[in-house]
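A quick write-up on the structure given underneath.
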Amino acid sequence: MTAAHPQRRKALLIVNGRARNGAEALGEPRTILQSAGIELVDCHCGDGGSVAEAVRQRAGEGFTEVIVGGGDGTLNAAAPGLVATGLPLGILPLGTANDLARSLDIPLDPATAAGVIATGLRRRIDLGQVNDRYYFNVASIGFSAVLARELSAESKRRWGVLGYAITAFRILRRMRPFTASIQHDTGQIRSRTIQISVGNGRNYGGGMTVDADARPDDGMLDVYSLEIDRWWRLIALAPALRRGTHGAWSDVRTLRTRECTLVTRRPMRVNADGEIVTRTPARFQVMPGAIEVFAPPAQPSGGSSAA
């Protein structure tokens, strides 16, 4: 954990106006940040690559940090620019799930989160990479990738995390297992599964937990495969998936690795931080300490204070 350098702070502020909580939630956070002596410069950019490009192009204007107001998708879009420039990231949670904020124990109230940025305390975290795309939380194939494709922006805006549950139940009843090869640090596994997830962070899907001991700065990827053959088994598993104890179940395979490759008979979509980003075959790697984030001190392994 480090403190910001003793210099005048100037932040590039990127806000996703279409985030569930919207730009209108920024009044109090702006006041808090400006009261802490942070000069805010608004950046009006679109989605996807334009966010990262804006960070790259404007890095030479004397910015000391980048503050992103939005959900995990907006943070994901900014990641390439943050890696390229080395600028630290401030998070104002305005999205539906806000899983990176949860993993880092950043308060989900935007004003309180602004207070965390104002302190200047920072920590380094890892990034996951699948093929040529970065991700903070989890990348997966199977059930969750279908969910990411079919969950509409309107559903997330209207129903929030409940929208995930409604859409998930509808998809789950029609899902069929597929076969995948998992090549990892020490060997290879053949899995008959409905989902394989490769976690870099701790939380995903609105508060689900990759593993009880997962940390976004441990230099490892946490992999699990849901090898279930009845849709209702996933409902039974839901409490364990929230706690991160699903590895104890006989029909869940887990492993920890620094990199792995998923191969399927036919190309399958890969979902990363809620967005479809690539297809199998997919190579996953961890990039230790790739990004610096304004965040509270790390909690002991297995614990989180996020609400």
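By the Stokes-Einstein formula, at 1.306 mPa s and 10 °C, the stretch 133-288 with its Kirkwood radius over alpha-carbon pairs has D equal to 102 µm²/s. Using the Cβ of P80 as centre and a radius below 11 Å, the other residues enclosed give a net charge of 0, where K and R count +1 and D and E count -1.
Relative protection proxy for 179-191, 122-134, from highest mean packing down: 122-134, 179-191 (other beta-carbon atoms within 10 angstrom). Label-to-label distance for W231 and Q57 is 4.6 nm, based on points extended 7 Å past Cα in the beta-carbon direction. Here the peptides 260-266, 35-41 are ranked by packing, the mean other Cβ count within 10 Å, and the order with the highest first is 260-266, 35-41.
Residue by residue, the stretch 179-195 carries 3J(HN,Hα) couplings of 9, 9, 9, 10, 9, 10, 3, 10, x, 9, 10, 10, 10, 9, 8, 10, 6 Hz when phi is fed to the Karplus relation 6.51 cos²θ - 1.76 cosθ + 1.60 (θ = phi - 60°); x denotes Gly or Pro. Annotation: extensible slack from S181 through R283 equals 35.6 nm (criterion: 0.36 nm per residue apart, minus Cα-Cα distance).
Throughout, read-outs are computed from the coordinates displayed, never taken from laboratory work. Given the structure is predicted, the values throughout are model-derived calculations rather than measurements. Here the Cβ is made from the backbone with ideal geometry for all residues, glycine too, and neighbour counts use every protein chain on show.
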